[in-house]
Amino acid sequence: MSSEPVTKTESCGLRLAVRSETRFAAVGLIVVGVFLVSMWGAALWAVRAQRDSLGEAQAAQLRVTGAVLAQSAEVMLAAGEVSSLRRILSETAQEAGLSRCRIVLPGGQVIADSSPANITMAELPAKWPSGAPASAPQGPRSPLVFHLVVPQRGSATLEMAGPAESSAAAYWLTQAGIGAICVVALLVLMVLYRRVRTGLRGICAVREALLARDGGQTSLAALEVNPEWGPEARAWNDMLNCEDARQKHAAMEKTRETLHARAGACDRLAVACDALSQGLILVEKNLHATYANSAAALLLQAKREDIIQAAAISSFLKDERLVTAVRAAASNGHTQRRTIVEVQRNGSAGAGVLRFIVRPVRRDDSGVAMIVIEDVTQQRAAEAARHAFVAQATHELRTPLTNIRLYTEMALDEGQKDAAVLKNCLNVINQETFRLDRTVGDVLSIAEIEAGTMSVRRDDVRLEEVFPELQADYAAQAAEKQIQLQFHLPPKLPVIKGDREKVRLALHNLLGNALKYTPSGGQVNLTVKVEPGRLVVDVADTGIGMNDEDREHIFEKFYRAKDPRVGKITGSGLGLAIAREVVRLHGGDITVESELNRGSTFTLVLPIAEEAA
């Protein structure tokens, strides 16, 4: 226990240090060799990548130049401007550094070339036979070929070839840079090696301890090294002590966490499933539900406890197709085939459509089926509204186009003889054009609303001009239907800030709807009131009105009232949605009051400045 064990330990440490230093030197040489080989490979790759990138850029530029030149060549050949075409080919070849740029006729005659000596046909014929372009030579540097179609003349071929491939000398700067990096890196490696070698004694001792530990040695006393061999040795001993304490603490924590995880896993899973917006039910082979989340109970209009306690889930599904699908999925747990069933729902919560997705859950002990429930009522309603809009929009576009075509033919046939007929035809064409423009404008406005790109241009809107124009626009329609149209305007109308055309659009949609859904002999009143800070416009009619259900959805896109009388009147279901969006962009709103068979009153409110009021 005196000096003999210490002497043996030091002697062993010295031998290990010398042997490890020799190995370290060998490793250093290997690292240098690998570094040099890697840098050589990197240099080759960099040069090749640079050459490929340059080639791709030249090819892309050549394709773009060829496409533009082909369009110009077709126009010039059609116009017979051969001299201008030859000059353009020569200038393009010179600017782009092309080795070939020429136009060849199907017979092989060269009509234009960047090198005039290669031209074989001096004059462009008035017409030449069309045919397939002459096959260009194939190869890595093959020219690009563009087929030209010259109206009233024939076809031709534009051939273009890029400049010759750059020589390896063009990349000397990259190679020189990589070489300089290699030299600097080698110098840095040498300096690092000299600095690291001084600390090899303690590092090598730590290395031997690591090898011993890798060999299965776990004793703390056997793995410790002499602390006098440097800071690395002392740090190694401190790390061993910390690792031993950490392992003991980790073992205790792992045991504690395992117990807590087993207790809380089921609760966390249940909370996550309850957060789903879709309903989720697990059904055993006997159709008994073992789990149902809150969404499933809500969609099935039942309590979760009743679903789980019921003898069979079939009492809540009430659809034979769905019950059959659940039974098949629960009976065959080895297939992943899913079944989708949509069921019409009728209950206290209202009518709707539920989508049931049934699929088996693989388990080793028994079959389990999983039912996912989604409420697709709004999706189906939106699809039906879109389909109805497409059909209605088709009619709205086809009808004015047909009228325009018919009255145009009438004007051409009879208008020269009878001025009254011509005037009537032009009036009808003008009205139908206005109708077509409004339909297309509605579609574009809805597209802007859905994309969130609709905006307003703030400018002065002179209402004393807007309302007379509005009255003039609809006077003829009101007279035709024998509807009494009255405007009640204050003596002085303010000037508001907004988009004049969009404000007119909103007023047009409200007044147009009032006239459209008011039968002959009815009355439509437009009343304007100026109140502090706002402008109020009431559009009241004595039309067919609407019930409470339709009034709740009347401002939705594509929605039309379910009244059979509405279905007989053409409309897209977009006007009110556009009007409300326009008014809201101006900081106002539109509301409605209506009574079935008595009429409706739409109220438009726009903000105005106090000084304007």
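The values are calculated or read from the model by the stated rules, or taken from the named source; none is laboratory data. All values derive from a computational prediction rather than experimental measurement. Backbone-built Cβ (ideal geometry, glycine too); neighbour counts: all protein chains shown.
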Please indicate, with yes or no, whether at least one residue in the stretch 565-577 is in contact (Cβ under 8 Å) with a residue 24 or more places away in the chain and more than 26 Å from Pro400 (Cα to Cα). no
When residues of the stretch 302-319 are filtered for being loosely packed, with under 14 Cβ neighbours inside 10 Å, assigned to a loop (DSSP other than H, G, I, E, B) and modelled with pLDDT under 85, how many remain? 2
Of the residues that sit in the stretch 209-233 and are in a helix (DSSP H, G or I) and in contact (Cβ under 8 Å) with a residue 24 or more places away in the chain, which one is farthest from Tyr193 (Cα to Cα)? Leu220
I need every pair where a residue in the stretch 431-447 that is aliphatic (A, V, I, L, M) has its Cβ under 6 Å from the Cβ of a residue that is part of a helix (DSSP H, G or I), sequence separation at least 6 or different chains. Leu436/Pro400
Does the stretch 47-98 hold any residues that are surrounded by fewer than 16 Cβ atoms within 10 Å (Cβ to Cβ), within 27 Å of Pro125 (Cα to Cα) and either among the hydrophobic types (A, V, I, L, M, F, W, C) or touching an Asp or Glu at 6+ places or on another chain (Cβ under 8 Å) (or both), and which are they? Ala67, Val68, Val75, Ala78, Ala79
Can Val206 be described as within 43 Å of the chain's Cα centre (by Cα) and touching a residue at least 12 places away in the same chain (Cβ under 8 Å)? no
Please go through (1) assigned to a strand (DSSP E or B); (2) more than 39 Å from the chain's Cα centre (by Cα); (3) surrounded by fewer than 21 Cβ atoms within 10 Å (Cβ to Cβ) for Thr591 and return the number of the only condition it doesn't satisfy. (2)
Set Ser155, Ser130, Ser114: member being surrounded by fewer than 14 Cβ atoms within 10 Å (Cβ to Cβ) and either modelled with pLDDT of 85 or more or among the polar types (S, T, N, Q) (or both): Ser130
Determine which single condition Ala579 fails, assuming it passes every other condition in (1) among the aliphatic types (A, V, I, L, M); (2) part of a helix (DSSP H, G or I); (3) more than 18 Å from Gly498 (Cβ to Cβ). (3)
Kindly list the number of the only condition in (1) in the same structural domain as Asn427 (by TED's automatic domain parsing); (2) modelled with pLDDT of 80 or more; (3) hydrophobic (A, V, I, L, M, F, W, C) that fails for Val390. (2)
Taking Gln482, is it exposed (fewer than 12 other Cβ atoms within 10 Å of the Cβ), under 23 Å from Val539 (Cβ atoms), of a type in the set (S, T, N, Q) and assigned by TED's automatic domain parsing to the domain that holds Asp541? yes
Do we find that Arg458 is modelled with pLDDT of 90 or more and farther than 27 Å from Thr542 by Cβ in this structure? no
State whether one or more residues within the stretch 475-494 are within 22 Å of His586 (Cβ to Cβ) and in contact (Cβ under 8 Å) with a residue 60 or more places away in the chain. yes
Going through the stretch 513-546 one residue at a time, which ones are assigned to a helix (DSSP H, G or I) and surrounded by 18 or more Cβ atoms within 10 Å (Cβ to Cβ)? Asn513, Ala514, Leu515
Out of (1) farther than 25 Å from Leu463 by Cβ; (2) without any contact (Cβ under 8 Å) to a residue 60 or more places away in the chain, what's the single condition that is false for Tyr559? (2)
The residue from Glu611, Glu556, Glu549, Glu593 that alone is charged (D, E, K, R) and at pLDDT 90 or above is Glu593
When every residue in the stretch 559-570 that is of a type outside the set (A, V, I, L, M, F, W, C) and not in a loop (DSSP other than H, G, I, E, B) is compared, the one modelled with the highest pLDDT is Arg565
